[in-house]
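The values are calculated or read from the model by the stated rules, or taken from the named source; none is laboratory data. These numbers come from a predicted model, not from an experiment. Backbone-built Cβ (ideal geometry, glycine too); neighbour counts: all protein chains shown. All accessible areas refer to the heavy atoms of the entire protein, side chains included, with ligands and DNA or RNA removed. Shrake-Rupley method; radii C 1.70, N 1.55, O 1.52, S 1.80 Å.
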Amino acid sequence: MNEVKDERFKIAKREAWIGVGLVLINFVWWFGFAYGLGSDPVEEYSYVWGMPAWFFYSCIVGFVLMVGLVYLAVKVFFTEVPFEEEADDE
C-alpha cells in the first residue's frame, strides 16, 4: 500500500524543533548570565542602569535577543500552511 504522508506534518515537525532550539538558547542565555554573574556576593555586584548586571543581561537583554531571534525564525524558516485537508481529485 502506497501511503502519502501529509506534508503539513513534516513542516510542523521542523518548526517545532526550531521552537525547541529557541527555548534551549533562551535557557542557556538566562542560566549563564543569572548564575554566572549572580553567584558573587551582593557587595561585589556590578550594576547596569541601576539593576544588577546578572539581571540586566539575563532578563532584559535576553528578552530583547529572544524577540529578535523568534522574529527572524518566523520570517526566515516558518512557512504558511493551510488548515484544510487537500481533496484528492482521482
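Listed values, structure above:
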| read-out | value |
| --- | --- |
| Segment 35-79: number of residues that are part of a helix (DSSP H, G or I) and within 30 Å of LYS10 (Cβ to Cβ) | 12 |
| Contacts under 8 angstrom Cβ, first residue in segment 1-28 being closer than 23 Å to PHE63 by Cβ and at pLDDT 90 or above, partner open to solvent by 100 Å² or more (accessible area, probe 1.4 Å) and part of a helix (DSSP H, G or I), 6 or more apart | none |
| Of residues in segment 38-64 being surrounded by 13 or more Cβ atoms within 10 Å (Cβ to Cβ) and not hydrophobic (A, V, I, L, M, F, W, C), the one farthest from VAL28 (Cα to Cα) | TYR45 |
| Some residue of segment 81-89 being touching an Asp or Glu at 6+ places or on another chain (Cβ under 9 Å) and open to solvent by 100 Å² or more (accessible area, probe 1.4 Å) | yes |
| Residues located in segment 6-37, provided they are open to solvent by 60 Å² or more (accessible area, probe 1.4 Å) and within 14 Å of VAL81 (Cβ to Cβ) | GLU7, PHE9, LYS10, LYS13, ARG14 |
